[in-house]
Structures are given as structure tokens and as C-alpha cells.
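Okay, structure first, notes after.
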Amino acid sequence: MTAQTTATVVTDPFAASEAYATIHAAAIEAVGATFGDQLVETALFRGETTLVVRRERIVAILALLRDNPDLGFDRLSDLTAIDYLDLGRECRFNVVYHLMSRRTLARLRVRALVPEEELAIDSVVGLFPAANWPEREVYDLFGIHFAGHPDLKRILLPDDWDGHPLRKDYPIGAEEVQFSFNQDEIAEQYPHTLAAREERYFVAHPLNN
Amino acid sequence: MATTLRPNQTANGTQVMLSGDSMTINMGPQHPSTHGVLRLILELEGETVVRCEPVIGYLHTGFEKTYEQKTYLQGVVLTDRMDYLAPLSNNLVYALATEKLLGIEVPERAKVIRVLLAELTRINNHLVWLGTQALDLGAMSAFLYCFREREVLLDLFEMMSGARLMTSFIRPGGLMADLPPGWTELADSFIRAFPEKVTEYESLLTKNDIFRERTIGVGVISRERAFELDLTGPSLRACGVDWDLRKLAPYSGYETYDFAVPMRDGGDVYDRYLVRIAEMRESNKIARQALDRLPDGPVMVDDRKIALPPRAELATSMEALIHHFKLVSEGFKPPVGEVYQCIESPKGEIGVYMVSDGTGKPYRCHVRAPSFINLQSLAPMAIGGLIADLVAIIGSLDPVLGEVDR
């Protein structure tokens, strides 16, 4: 991330307040002191601090940020991922954690690098139970595996869907949409025909057996 | 044949007697009380719910993928379609996130109108919630009362934006246009009359024995469990937590308005009802303050690299024409960076995480949808209760499936 540390930062209406800036600095220092080899870089943009870390110790890093009494980032407000394919970054996927402290109200972003060769990262559901569905969503739309997740399966797309749509190399508009005028034509082209669906949902479904 | 009952501790701490003779049934996606296309796989022992697994995705339209194909300005129209009961809140959070990327602030008049509209849309959302919640529990007339007032709000939205639901009125840099003549008068008469209408709804429900029987002590969730599952919005405030982003992290000048954050301690369906009713009154207060202080001035930033030039200038100024062409074909280009911006939507914390690569389209735009996260709390609330109560609990969480599935 290119940090936008130009001279205009001083008058930036979005700059973090002094209290938040202190907490951000303390978080960087705490992670750097304990996991120096894991912390890749930090970035500041519009008063928001980002920590870029390796994925191996992600659970320990988030646990440190949560349990350190000076930091207290005890809320995971959001979890998602980015595919950096088009930007040609060294590490293609990043899983993004948005942390927040319920006491100080400071926010912090942690990005974990997930290489394309091994699409897996440890699940943080044990630390933050709210991460359950967001991790399933990332698994569904990016195909990143969360090790230790209690129930890792697709959440938004059907179970038999091919591919992961939020990846940058997932094509848009590659499939012709099936309407009533071209119903049979499309059905012939694709294996997901009405008959196959009927078989799956009404005949072979566990609820009916 | 007699079956032996064995006690079972459920997730929310209540004990149910299980015979071991359970039945798995499917509720939804086509079910009127699921408020859209929510599907639940339920395991029942008699009428007691012992397992509840929400199955979502029936409305998944890939908004986050589509944002990446649209310019920042075009992306606004997608936000309406997520939470279609509170489109202006979604417009607002998207606009604020984009403005944060750009590093700009909007004129004062635009800010005040944004607050006014955000509160009217909160009332609009809560009216639909109240009507359908009451309808789910068999109270037909409350629905008709709520939709009577909602009609006025939709008329207001139509007057200013041309659309009743998909307003796209709040945009990066300010507003689509200024308020039309006659708008403030109609808004004024609505705000003046509304508190009495809330009293009217309350006279139908708050002391109604049937309504209280169906809601008090139903779908209880503890404060600790709500924190764990990151419940936000009115449902969290009904657990006795003072948590409102309008107070905690004010945006658009909310710190200058005088309003209270309604709270209750019970964490049940009835308390969530009371919190939302009180919120409607508070929203009305904020709307009144915003309308009274409405300053004069522009409603769009003055930067020609961001805002479209006025229509009249296009005929006379070559420069305006070039700006118009560039903005419409390529869009404005924020600097490289990433921001997370959240606001208090009627349903809880809605956040937009936007990543810019310096081009005219967002590289990644993720929405932290409150309905999606809040729906995780449904199972802990429902397990151990009756299946009839499940209907009340779904309504009390106020999910909009467009936002859950995105």
C-alpha cells in the first residue's frame, strides 16, 4: 500500500484524533515487538491505519490485539478479502479484518497475505464468533480456505457452483442468461438443466429421504 | 408408546425436554413471515425448535462484483437495491466512503439535508418493520396505519428524486439536486403530525394483551452473546447497550443535534419493539431540527473534477463540456488507498470498505451489511422456543434479504 503521507496530512479533515493515533502507534509497536517477523508493512491513509501481516500467526496476532489491555480491539466489525491480481502484487489474495475497540472506539485494519499457491488461512471464529458467516462468504466468493472453521461451506451461491465470482479473473457476462425465449437452447448447452435441479432438490435431497 | 424425556441445554441457556423424536422441516424461502426469501432448516421436537439453520443466497445478485465494473457515480444506484427499505441510508454510507477516498467535505446545506433524509428513511424503514411485525402476529390494522404514513414519505422521496424507492439522491460530493419547491412545507406538515401517529400505533399494540403475550420473554439474547455475534442497531440497544454510531462516531454533523438513544434491558422481541418505536420519535425530533436549521447554499461540492457542471453551462463553455464528458465517460479518480466508512443505518452498522487503485472505478467495494451479520443471531434466539415464536423473532431482527444476500 502506498501511504499517502504528503504535507497535506496536517490539514486533512479525516486525520485520526490524537487519542486514536496513539492507540494505532501502540498497536503497531505491540505487534512489531511480539511478531516482528510477521509484520510486513504498515500504512496510513485518511486517518486509518492498516497492518499488513503474514498469514501464519494471524490468530495469535488478532488475539494479541484483542487481549492487550491497552489496545482492547475486542470487536471484529468486518471481514472480507481482496484479489490483487490486476495490480500485480507479489501476494495475490489478502484477507482483511476490521477491528474495533468497544472501550476506546478506535478502529484498526489488519490485512493478511494469502498466496495463490496455498489458498488457506486459520479461521478466527474461535476468537470472534461473528466471523462465522463472513468467513464462509470469503470462502464462497474467493475460494480461500479457513482452517478450523466449524462449518465451512458456500453461503451465498449454490453448493454446486463453479468458480469464485469475486476473483478478478472470473469473467463477467460469459454465460448467456436463460429466458423463456431461449430456455431449451441454454438448457442444452449447460449441464445445470431443470431436470438436474429437480433431481437434486426434489428426488435426491436428504429432506425427502 | 411412552417416550422418556431427557433435558437438553440449548445455546441460549434454556432447558428443553427432548424425546429424541425430532422432525426436520423446511421453512421458506417462499413463506410470508420470512420477509423475503429467507429459508430455515428447522429441527423440531413437537413445537419446540432444537436446531435452526438459515440458508441464504436466494437474492444474491453479485453487487460487489458489479461495483467493480461501474464508476463511483454509477455505483450509487446499486446501493438503493441492497436495503430497499432504507435506500437513503445506503446512499449516504456509499457517498461518505467515496468522499473519504477523495478527501473532500460536502457543503453545509447538503449535510443538513442528508441528516434530514437519513432520519426520514429511518422512519420509513421502521414503519414497514412495525407493520409487518404486527401483521406476522395477526394484528392487521397496524399495518394499514403504518403504510398510510409511509405513503407520505414516499411522496416526499418521489418529489425530490423522481423515484419512490430507488432514490439515488445522495451522491458522492453532495446531492443529486436541491429540494424542489413545496418539499419543505410537506415535510414540515409530516413531521408536525407524526408524533401523534406513533401514539396511535402504540395504542394498538403496546398494551395489547395478545401482542404482549407473543413478544415478552420471546427470543431473548444476552448482552454478552450479542457482543460475540456482533449484533448492532436497535436489536443490540434492546439488550441494554448504549451503542449508536451517530453518537459514538458522528458523521454529517450528527454531534450538533439533540437526541436520545433509546435503550431497553430485556433483550426480547417486546423490547426491540419498544426501542424502535422510541427511535421513530427521536428520528422525528432530529428531522425537525434539521428542517429548522436548513441553511442556504449549494448542495454539491464546487470541484469541477468531481461534480458535474450545471446544465446551462454546457451550451456556452467548452471547458464545462470537457469536464462533463470526462466525468460521465471515465468518472473522477480518487487517489490510491483504502477506507472503511460506517454509519448507523436503521438496521445497525452499515459499512463500506472501498479500495481505490487510482482509476475511475473502485478496485474493490465491500459492504458490511447489518442484516447479514444480525441474522447470525437468529439461531441462538430461536433455539428452545416455539416455532410460532420464530415468526416473531425473524420480524424483530428486521432483516432485508436484498441486503443479506447482496
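With the checklist (1) open to solvent by less than 40 Å² (accessible area, probe 1.4 Å); (2) away from chain B (no Cβ under 14 Å); (3) at pLDDT 90 or above in hand, flag the one item A:Ala196 doesn't pass.
(3)
Give me the pairs: first residue in region A:15-36 and over 22 Å from A:Ala60 (Cα atoms), second residue of a type in the set (A, V, I, L, M, F, W, C) and open to solvent by less than 60 Å² (accessible area, probe 1.4 Å), beta-carbon distance under 7 Å, and six or more apart or on different chains, which are they?
Close Cβ pairs (under 7 Å, with a partner that is of a type in the set (A, V, I, L, M, F, W, C) and open to solvent by less than 60 Å² (accessible area, probe 1.4 Å)) amount to A:Ala15/A:Val9; A:Tyr20/A:Ala106.
Can you tell me how many residues within region B:52-87 are aromatic (Phe, Trp, Tyr), open to solvent by less than 10 Å² (accessible area, probe 1.4 Å) and assigned to a helix (DSSP H, G or I)?
Within region B:52-87, residues that are aromatic (Phe, Trp, Tyr), open to solvent by less than 10 Å² (accessible area, probe 1.4 Å) and assigned to a helix (DSSP H, G or I) number 1.
Are there any pairs with C-beta distances below 6 angstrom linking a residue in region B:157-173 that is farther than 15 Å from B:Val299 by Cβ to a residue that is hydroxyl-bearing (Ser, Thr, Tyr) and open to solvent by 10 Å² or more (accessible area, probe 1.4 Å), with the two at least 6 apart or on different chains, and if so which?
B:Leu165/B:Tyr84
Under 7 Å by Cβ, and 6 or more places apart or on different chains, what pairs join a residue from region B:179-202 that is touching a residue at least 24 places away in the same chain (Cβ under 8 Å) with one that is of a type in the set (Val, Ile, Thr)?
Listed by first residue and then by second, the contacts come to B:Leu179/B:Ile113; B:Phe190/B:Val152; B:Val198/B:Ile277; B:Glu202/B:Ile277.
Hey, can you tell me all the residues within region A:92-108 that are within 9 Å of chain B (Cβ to nearest Cβ) and out of contact with any strand residue (DSSP E or B) (no Cβ under 9 Å at 6 or more places or on another chain)?
A:Leu105
Name every residue in region A:109-129 that is more than 10 Å from chain B (Cβ to nearest Cβ) and assigned to a strand (DSSP E or B), in order of residue number.
A:Val110, A:Ala112, A:Leu113, A:Val114, A:Ala120, A:Ile121, A:Asp122
Which one of A:Pro69, A:Pro115, A:Pro129, A:Pro150 is touching a Phe, Trp or Tyr at 6+ places or on another chain (Cβ under 9 Å), open to solvent by 10 Å² or more (accessible area, probe 1.4 Å) and not polar (S, T, N, Q)?
Answer to the selection: A:Pro115.
Looking only at region A:101-112, count every residue that is open to solvent by less than 10 Å² (accessible area, probe 1.4 Å) and closer than 21 Å to A:Gln38 by Cα and tell me the total.
5
Taking only region A:48-63 into account, find how many residues are within 13 Å of another protein chain (Cβ to nearest Cβ) and either basic (Lys, Arg) or touching a helix residue (DSSP H, G or I) at 6+ places or on another chain (Cβ under 7 Å) (or both).
Residues that pass the stated criteria total 2.
Run down A:Glu118, A:Glu90 and say which single residue is within 16 Å of the chain's Cα centre (by Cα), of a type outside the set (A, V, I, L, M) and modelled with pLDDT under 90.
A:Glu118
Is at least one residue of region B:376-391 small (Gly, Ala, Ser), part of a helix (DSSP H, G or I), within 14 Å of chain A (Cβ to nearest Cβ) and out of contact with any Ser or Thr (no Cβ under 8 Å at 6 or more places or on another chain)?
yes
Which one is farthest from the other protein chains (Cβ to nearest Cβ), of the residues in region B:206-231 that are part of a loop (DSSP other than H, G, I, E, B), of a type outside the set (S, T, N, Q) and touching a residue at least 60 places away in the same chain (Cβ under 8 Å)?
B:Val218
Among the residues of region B:165-174, what is the count of those that are over 18 Å from the mean Cα position of the chain (by Cα) and under 18 Å from B:Asn124 (Cβ atoms)?
Looking only at that region, the number is 0.
Could you tell me whether region B:310-331 includes any residue that is modelled with pLDDT of 90 or more, in a loop (DSSP other than H, G, I, E, B), at the interface with chain A (Cβ under 9 Å from one of its Cβ atoms) and more than 29 Å from B:Asp83 (Cβ to Cβ)?
no
Under 6 Å between Cβ atoms, at least 6 apart or on separate chains: pull out the pairs that start in region B:93-121 with a residue that is away from chain A (no Cβ under 14 Å) and end on any residue that is open to solvent by less than 10 Å² (accessible area, probe 1.4 Å) and assigned to a loop (DSSP other than H, G, I, E, B).
B:Ala95/B:Pro172; B:Thr121/B:Ala86
So, in region B:239-271, of the ones that are without any contact (Cβ under 8 Å) to a residue 12 or more places away in the chain and outside any loop (DSSP other than H, G, I, E, B), which residue ends up nearest to the other protein chains (Cβ to nearest Cβ)?
Ranking the candidates gives B:Leu248 first.
Consider B:Gly219 against the criteria (1) open to solvent by 30 Å² or more (accessible area, probe 1.4 Å); (2) over 19 Å from the mean Cα position of the chain (by Cα): it satisfies all of them except one. Which criterion is unmet?
Evaluating B:Gly219 over (1) open to solvent by 30 Å² or more (accessible area, probe 1.4 Å); (2) over 19 Å from the mean Cα position of the chain (by Cα) leaves (1) as the failure.
What number goes with the only condition from (1) within 20 Å of the chain's Cα centre (by Cα); (2) open to solvent by less than 30 Å² (accessible area, probe 1.4 Å) that A:Phe35 does not pass?
In the conditions (1) within 20 Å of the chain's Cα centre (by Cα); (2) open to solvent by less than 30 Å² (accessible area, probe 1.4 Å), A:Phe35 misses (1) alone.
Hey, among B:Val241, B:Val269, B:Val275, which residue is of a type in the set (Val, Ile, Thr), farther than 23 Å from A:Phe73 by Cβ and more than 17 Å from the chain's Cα centre (by Cα)?
So the residue among B:Val241, B:Val269, B:Val275 that is of a type in the set (Val, Ile, Thr), farther than 23 Å from A:Phe73 by Cβ and more than 17 Å from the chain's Cα centre (by Cα) is B:Val269.
Quick one: in region A:74-91, of everything that is at the interface with chain B (Cβ under 9 Å from one of its Cβ atoms) and assigned to a helix (DSSP H, G or I), which residue is surrounded by the fewest Cβ atoms within 10 Å (Cβ to Cβ)?
Looking at the filtered set, the residue picked out is A:Asp86.
Can you find a residue that is outside any helix (DSSP H, G or I), open to solvent by 10 Å² or more (accessible area, probe 1.4 Å) and farther than 26 Å from B:Lys361 by Cβ anywhere in region A:137-147?
yes
Counting only residues that are among the aromatic types (Phe, Trp, Tyr) and more than 13 Å from B:Glu202 (Cβ to Cβ), which one in region B:252-284 is surrounded by the fewest Cβ atoms within 10 Å (Cβ to Cβ)?
Taking the candidates together, the pick is B:Phe259.
Output the residue which, of all residues in region B:338-354 that are of a type in the set (A, V, I, L, M, F, W, C) and either more than 7 Å from chain A (Cβ to nearest Cβ) or surrounded by fewer than 23 Cβ atoms within 10 Å (Cβ to Cβ) (or both), is farthest from B:Val128 (Cα to Cα).
B:Met354
Is there any pair linking a residue in region A:50-66 that is in a strand (DSSP E or B) to one that is at pLDDT 90 or above and among the small types (Gly, Ala, Ser), with Cβ under 7 Å and at least six apart or on different chains, and which?
Every condition considered, the pairs that remain are A:Val53/A:Ala112.
The values are calculated or read from the model by the stated rules, or taken from the named source; none is laboratory data. Worth saying up front: this structure is predicted, and the values here are computed from it rather than measured. Note: ideal-geometry Cβ built from the backbone for every residue, glycine included; neighbour counts use all protein chains shown. Keep in mind that these areas ignore ligands, DNA and RNA; they rest on the heavy atoms of the full protein, side chains included. Shrake-Rupley method; radii C 1.70, N 1.55, O 1.52, S 1.80 Å.
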